[in-house]
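Read the structure below first, then the notes.
Read the figures in this text as sums done on the coordinates, not as results from a lab. For clarity, every value in this text was computed on a predicted model and none was experimentally measured. When we count neighbours, we look across all protein chains shown, and the Cβ atoms used for this are built from the backbone with ideal geometry, even at glycine.
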Amino acid sequence: MTRVSLRSTLIVTVFILILLTGCVNQQEYHSTATQQRFDDIELWVKRFEDPERDKWQKPSEVVKAMNLRPGDVVVDIGAGTGYFTRHLAVAVGPSGKALGLDIEPGMVKYMQEDARKLSLNNYEARVVKTDDPELAPHSVDVIFLCDTYHHIENRVEYFGNVSPSLKPGGRVVVVDFIKDTDFGPPRDHKMAEKVVLEEMKKAGYRLIKTHDLLQYHYFLEFGK
Ligand SMILES: C[S@@+](CC[C@H](N)C(=O)[O-])C[C@H]1O[C@@H](n2cnc3c(N)ncnc32)[C@H](O)[C@@H]1O
């Protein structure tokens, strides 16, 4: 092999090694959050809005247990079809507001149509960025997430950044699948409750309540 071709081979090898290292880092990074798109709206509407889901997801009981007050502003991050958002809108009444946020425009459109059909004038929906729900400071009483926490990347930073949007006494409510069950998404897609507790503590929150209402989910309330 000539000196020139030896040098070219070396450069190409080093380049490939750099690329491979990048891929490994990406994989490690992604293993902290489930990267999944929810852009097949028809498919996800069937799953999220399946009437059978009410039996184990108990949306009315969950919202009742959250003790929302009339006039509260409640934000549903990763609201999907608004399966919970419509219940939240009813709970806070016409003087309150329920805001359904999602990164998928199709989901947001679905929520907007649903709010119109149900004549819920206090129910709004909007598209948000993956790393920022763009909430104004001191504007929110309760941030709610069901089955969405594990989809968010860089959660300590994310929840640290949303903290100023909470009014005094504001709460973050996390409902997500218990990891050690075969129900729901595959186990490696689910996030253990203790990880949520550790991360939220790092993000500056304290656990104020846990609810034993659901068979397949933990249901945690955090304050600042
Ligand atoms: C498993 S679904 C849950 C939907 C809804 N909360 C429910 O319980 O039916 C997760 C939703 O979160 C959305 N999502 C994922 N990452 C997000 C992010 N960073 N910010 C806002 N929404 C997100 C997805 O598009 C999807 O609609």
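Note that the stretch 88-98 has calculated 3J(HN,Hα) couplings of 5, 4, 5, 5, 8, x, x, 7, x, 8, 10 Hz, one per residue in order, obtained from phi through the Karplus relation 6.51 cos²θ - 1.76 cosθ + 1.60 (θ = phi - 60°); glycine and proline are x. By the count of neighbouring beta-carbon atoms within 10 Å, fewest first, 199, 52, 113 end up ordered 52, 113, 199. Within straight cross-link reach of residue 129, meaning Cα distance under 20 Å, which lysines are found once same-chain residues fewer than 8 apart are removed? The reachable lysines, counting only those whose Cα sits under 20 Å from residue 129, are 109. For 117, 202, the sequence from fewest to most other C-beta atoms within 10 Å is 117, 202. Across every pair of non-identical alpha carbons in the chain, the mean reciprocal distance, once inverted, gives a Kirkwood radius of 19.0 Å. Estimated from helices alone, the mean residue ellipticity of the chain at 222 nm is -11500 deg cm²/dmol (sum of -39500 (n - 2.57) over DSSP H runs with n ≥ 4, per residue). Here each label is just a point 7 Å from Cα along the line to Cβ, and for residue 49 and residue 180 those points are 3.7 nm apart. Sorted fewest first by neighbouring Cβ atoms within 10 angstrom, 56, 44 come out as 56, 44. Springs join every pair of Cα atoms under 10 Å in this Gaussian network model of the chain, and among 49, 153, 193 the largest mean-square fluctuation is at 49. Taking every DSSP bridge with both residues inside the chain, close to 40 percent are antiparallel. For the cross-link pairs 55/117; 46/194; 97/201; 46/202, the ones whose C-alpha atoms lie over 26 Å apart are 46/194; 97/201; 46/202. Measuring nothing but how far apart in sequence close Cα pairs (under 8 Å, 6+ apart) lie, relative to its length, the stretch 41-223 scores a relative contact order of 17 percent. Less than 5 angstrom separates the built amide H of residue 178 from those of 217, 218, all sequence-distant by 5 or more or on a different chain.
A dipole drawn for the chain from +1 and -1 charges on Cβ atoms has a positive end, and of 204, 162, 177 the residue lying farthest that way is 204. Taken over the stretch 89-179, the convex hull of the Cα atoms encloses 115 Å³ per residue.
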